[in-house]
Amino acid sequence: MDYLKQVQRGVDYIEANLDFDIELARVSKVAGMSHWHFQRIFKALTGETLKAYVRSRRLANALGQLLTTDDRIIEVAVRAGYASQEAFTRAFKKSFGLTPHEYRSVGDRSLFLSKVQFDSDYLRHINKNVSLQPEIVEQRAMTMVGLSTQFHSVDSDKNNIGEMLPPLWARFMPRLAEVAQALPGVCYGVVQQTDSDSDRLIYHAAAQVREAGPPPDGMVAMEVPAARYARFTHRGPAGTIDRTVNYIYSTWLTQSGMRHTYGPDLEIYGSDYSDGGSESVMGYAIPVI
């Protein structure tokens, strides 16, 4: 079963349960994927988070119910997942510019939530700033030492990358010289899941070391297991890496015949990387089988 079919299974489950509370982790399980990876692939394909998609589909479903049934608005609101008619009315008016009562009076069947389209910036990026085919690398096990934090990625409605990762690197780089036996010339961002049912991730700003030893105060040591990696080249500022990751997950991975192992992803910062520069080059690698 390929990724697109798995995502479709998740979407089919959502559509079949629009009148009920939908547990997001359950959607991922139905699709046969871990929660983080389903959310990442879903976001890359649709341009919206899983939570936002479920909310918008339940609201769109309420449109039809308002026109085709005589149910009270509070009944429609509860089925759409809202605790009160007031909350439903606020969300409805924000999305459609009318209250549910006004919509019933107008009877306009053309009011449906629009789908997000790929924008020109994304299309330009994948044509100019990302290697469309990766280098397949058999990576030996690596020992890393660095600073770590937990965060929510752009694939989650709780996205706090900007609050967590730049400050982490700002703390780590001045202390890089403290990492004993660090291999020179390259640093890594190591991205791992906390568990299969969560969209909370662990991020390590780290250097590879020749031998494991006691890490400096406040730092951690970790092992990246040996794996086959598909390594892509990203050109441009690190802040646009999401476009490269979207391409990897939504286009390349779904057509490659390979699968993500659920091991750690790697951001690779070598000598060609310059912070914030348009000519900057970095790597992004995912473990595949």
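The values are calculated or read from the model by the stated rules, or taken from the named source; none is laboratory data. Given the structure is predicted, the values throughout are model-derived calculations rather than measurements. Note that we place each Cβ from the backbone using ideal geometry, even for glycine, and neighbour counts take in every protein chain shown.
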Could you list all residues from segment 14-69 that are under 24 Å from residue 100 (Cβ atoms), among the aliphatic types (A, V, I, L, M) and buried (at least 16 other Cβ atoms within 10 Å of the Cβ)? 14, 18, 22, 54, 59, 60, 62, 63, 66
What is the residue count in segment 96-127 for residues that are part of a helix (DSSP H, G or I), at pLDDT below 80 and of a type in the set (Gly, Ala, Ser)? 1
I'd like the residue in segment 1-13 that is within 30 Å of residue 75 (Cα to Cα) and of a type outside the set (A, V, I, L, M, F, W, C) and, out of all such residues, is surrounded by the most Cβ atoms within 10 Å (Cβ to Cβ). 10
Do the conditions hold for residue 244, that is, is it of a type outside the set (Gly, Ala, Ser), within 20 Å of residue 130 (Cα to Cα), surrounded by fewer than 17 Cβ atoms within 10 Å (Cβ to Cβ) and under 17 Å from the mean Cα position of the chain (by Cα)? no
Would you pick out the residues in segment 213-241 that are without any contact (Cβ under 8 Å) to a residue 40 or more places away in the chain and either farther than 29 Å from residue 47 by Cβ or more than 17 Å from the chain's Cα centre (by Cα) (or both)? 213, 214, 217
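With the condition kept exactly as written, say whether any residue in segment 186-195 is surrounded by fewer than 13 Cβ atoms within 10 Å (Cβ to Cβ), within 23 Å of residue 49 (Cα to Cα) and either in the same structural domain as residue 218 (by TED's automatic domain parsing) or not β-branched (Val, Ile, Thr) (or both).
Scanning segment 186-195 turns up at least one residue that is surrounded by fewer than 13 Cβ atoms within 10 Å (Cβ to Cβ), within 23 Å of residue 49 (Cα to Cα) and either in the same structural domain as residue 218 (by TED's automatic domain parsing) or not β-branched (Val, Ile, Thr) (or both).
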Is there any pair with a first residue in segment 160-173 that is in the same structural domain as residue 203 (by TED's automatic domain parsing) and surrounded by fewer than 17 Cβ atoms within 10 Å (Cβ to Cβ) and a second that is of a type in the set (S, T, N, Q) and not in a helix (DSSP H, G or I) whose Cβ atoms are under 6 Å apart and which are 6 or more apart or on different chains, and what are they? 164/149
Could you tell me which of the residues 76, 54, 11 is touching a Gly at 6+ places or on another chain (Cβ under 9 Å), at pLDDT 90 or above, not basic (Lys, Arg) and not in a loop (DSSP other than H, G, I, E, B)? 54
Scan segment 180-196 residue by residue and report those that are in contact (Cβ under 8 Å) with a residue 12 or more places away in the chain and in contact with a helix residue (DSSP H, G or I) (Cβ under 9 Å, 6 or more places away or on another chain). 182, 187, 189, 193, 194, 196
So if I check each of 206, 227, which one is aliphatic (A, V, I, L, M) and either in contact with a helix residue (DSSP H, G or I) (Cβ under 6 Å, 6 or more places away or on another chain) or within 21 Å of residue 151 (Cβ to Cβ) (or both)? 206
